[in-house]
Amino acid sequence: MSRLSEIAISEELIARARDGEEAAQAAIYRGVGPAVFALTRRLVGNRAVAEDLFQDTMMVLFQRLGDFRGEAPLGIWLRQIAVTRCLMYLRSPWHRARLQWESGDDDSLHPSMAPVTPATSADALDIERALASLTPVARAVVWLFEVEGYSHEEIARLFGRSVSFSKSQLSRALARLRQGLAPQEDQEACTPI
Amino acid sequence: MHTDIDERNIARRLRAAGDESGEVPYDWAEFQRRRHRSMLTRVIERNRPAAIAAAVLAAALVTAVPFLHSGHERKPPIASPDAGRLRQPTDLQEQARTRALEGWLAGLPQDHAIVRVGAHAAVTSLQDQIAALDDLMSAERVEGAKPTRLDALERQRSQLVNSLAQVQYAEMLASATP
């Protein structure tokens, strides 16, 4: 179980971390860190950038822990911080310039978007490859909608765009994923037992 | 219909990928180290304008001191006959260093992207003082001035060039600061 929204952190541990107890902060780091890093890598692709955003997100977590009221699980609150930071990066002029350097005018494939996590199964590897073929924005939309459970309205708000932007991005991303996953499925069907 | 099934299948596979266990890029100790470094960097960034202002002030003081001293019309110290010969290599090094600094200064863009009044005034003033010294040294040489006098003027010029380089460098740093 590595999705942030499903990670439970006890109120007592949060209270101790809020009081500045380093052991409690370290325990929270170990508890939520893997999911935060996985999410940032999914959204931005590039490992070095994901590390920076991960560091930033975790620093904000401990700085603002005093503001956390516990109305929603800590993971949801933290996910919002991480997603906001990743989307800020994806919208930044620096990121857009970087993409242009890497791939010229071709918006379809970005070399930096290498597979994100070490896949533990053949199917996961296929998904990783297919995700890597998406543009960063399309990947973020499909991930937020299908995996993190965001609605089109929430995604539109996050990107500062319309609901139809979110829907069209998702539709195109799924079409591309279908395309990317199809040959592998055919190959599997033909594999002799 | 087929598309719907595909999409549901893809969504299921994506969620399964989301459940794959990950790991943190580095442990708690490394996180703490980076956290402290980041906080330190922020403090430095916050205080950078003050540091630049201090550098400009220091450069202005360095510039002013030789001129305050020269206003007292002190007699040049009596040098032993060997002193000029012994100091020669150091003087040559100093002159070479000054020439290198002048080369660096000549390579800087002539038009300042952002003109900060304080620094700009300091640069102009220093450039004027160097030019005035160059004129004076030429005149002294023509009139056959003593080597000690020329040495003193040369040292004064080196100090001015040093100060100019410091101010220009501080200005360059300030321009690069977002």
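Since every read-out is calculated from the coordinates, none of them should be taken as a lab result. Please read all numbers here as calculations on a predicted model, not as lab measurements. Here the Cβ positions follow ideal geometry from the backbone for every residue, glycine too, while neighbour counts run over all protein chains shown.
At a glance:
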item	result
B:T41-B:Q127 FRET efficiency (beta carbon distance; Förster radius 22 Å; 0.05 resolution)	0.05
Cβ crowding within 10 Å averaged over residues, with A:139-150, A:34-45, B:129-140 ranked highest first	A:34-45, A:139-150, B:129-140
Estimated FRET transfer efficiency (B:D135, A:A48; beta-carbon r; R0 51 Å; 0.05)	0.35
